[in-house]
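The values are calculated or read from the model by the stated rules, or taken from the named source; none is laboratory data. Since the model is a prediction, treat every value here as computed from it, not as a measurement. With ideal geometry, Cβ positions are generated from the backbone for all residues, glycine too; neighbour counts draw on all protein chains shown. When the accessible area is computed, the model is the full protein with side chains, heavy atoms only, and any ligands, DNA or RNA have been set aside. Shrake-Rupley method; radii C 1.70, N 1.55, O 1.52, S 1.80 Å.
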Amino acid sequence: MEKREIIERPIEKELSEFKSLFGASLQSSTPLLDEVLAYIKKRNGKMMRPILVLLIAKLYGQVTDATLHGALSLELLHTASLVHDDVVDESDLRRGQSSVNALYNNKVSVLVGDYMLATSLKHAACTGSVELVDLVARLGQNLSEGEIIQLANIRNQDFSEEVYFDVIRKKTAALFTASAEAGAISAGAGREEVEKAALFGEMIGIAFQIKDDIFDYFSGEGIGKPTGNDMLEGKLTLPALYVLNHKKDPEACSLALRIRSLEATPEEIASFVEYVKREGGIEYAEQVMHDYRNQALSLLPDSADASVSEALTAYIDYVIERNK
């Protein structure tokens, strides 16, 4: 059986309900807005975060209306943040497809992102839970703060893994943390269970981002971004940080600072990519990713329903084994 089948089997009915709710939320009587929302809906990804909300709810109880609206609120906030990120990053592609700002313009992208944020808050309110509304608000703060930390880090002369993980926790991991936490809260889990669920989500989110960072060192149409794309934006991720700190090569460190300040040529970036791969950066990042995978699985309760536990194990394995 394929991993996706194992993952979705315990929540097949609930996931279908979620998809219907998601589709209905991305509609408008305003023609241009409806057109852009239809494009966003068409290119929507694998819904990994809503699936996590539903699975965690099943882990600690049952999927409720609050679970569905909470999952939708988080997914809309996530999608809105991607629309805004593409404007900030001046990116023309998102997972191999044209970004909203590439097809329309920055003004339309920002306004559509704002509309989706408002719709996210509306569905957070539909949960009837102040705790879930607070969770969505905190997620919005974390995503913005993560972007600011990343921007500020461009001027940093150090190659700190600590800063790298701080950015991850406030950006990618924050989405998985909030998803797992929302699932537990909506199912009526106790405080200790909610905290464990949140930590489980964080471990998955960190592993997810490390996998994305590894993709940046390899070419392939399915990945959705060219090799070295992060470095073209001045971002140094875990494979590079490890090699720079481990080897302490003055020439490589100098080039890394030029990459960070957006002064390096594409040829220099390509050379640096090969240097990091040659010096063990990918192997180190893969080991760290698997360590987070194992930490996440250790948090699953022994009393969990077998099909849900199997689905969550397949979920995190899917995260670290995916090819895009």
Relative packing of peptides 6-18, 254-266, 61-73 - highest average C-beta neighbours within 10 Å first: 61-73, 6-18, 254-266
Residue-by-residue Karplus 3J(HN,Hα) for segment 259-275, coefficients 6.51, -1.76, 1.60, Hz, glycine and proline x: 5, 4, 8, 6, 9, 7, 7, x, 5, 5, 5, 4, 5, 5, 4, 5, 4
Cα centroid separation - segment 5-26 against segment 236-286, whole Å: 41
Backbone HN-Hα couplings from phi across segment 105-121 [Karplus 6.51/-1.76/1.60, Hz, Gly and Pro as x]: 6, 5, 4, 4, 4, 5, 5, 5, x, 4, 4, 5, 4, 5, 5, 4, 5
Rounded to 10°, Cα long-axis angle of helix 130-153 versus longest principal axis of the chain: 10
The chain - percent of accessible surface contributed by carbon and sulfur, probe 1.4 Å: 50
MRE, 222 nm, helices only [DSSP H, n ≥ 4, -39500 (n - 2.57), over the chain, to nearest 500]: -24000 deg cm²/dmol
Between 0 and 90°, nearest 10: helix 172-186 axis offset from the chain longest Cα axis: 10
Asp317 paired with Lys122, simple spin-label distance in nm, labels 7 Å along Cα-to-beta-carbon: 4.1
Rg followed by Dmax, in Å, when segment 169-324 is reduced to its Cα trace: 18.1, 55
Compactness of segment 247-309 as Cα Rg over 2.2 N^0.38 Å, two decimals: 1.80
Segment 70-227 shape via C-alpha gyration tensor axes, a/c threshold 1.5: oblate
Approximate spin-label separation Glu263-Leu32, in nm, with each point projected 7 Å along Cα-to-Cβ: 4.1
Label selected from (1) 143; (2) 162; (3) 129, the criterion being volume of the Cα convex hull per residue in Å³ as computed here: (3)
Candidates Ala314, Ala180, Ala198: whichever shows maximal mean-square fluctuation once the chain is modelled as a Gaussian network with Cα springs under 10 Å: Ala314
In degrees, nearest ten, helix 191-215 long axis to first principal axis of the chain (Cα): 40
Per residue, in Å², the accessible surface of the chain once ligands and nucleic acids are set aside, probe 1.4 Å: 45
C-alpha center-to-center spacing [segment 117-158, segment 170-222] in angstrom: 14
Extension gain from Arg43 to Asp305, taking 0.36 nm per residue of separation minus the Cα-Cα distance: 91.0 nm
Calculated from backbone phi, Karplus (6.51, -1.76, 1.60) coupling profile of segment 62-72 in Hz, x at Gly/Pro: 10, 6, 10, 4, 4, 4, 5, 5, x, 4, 5
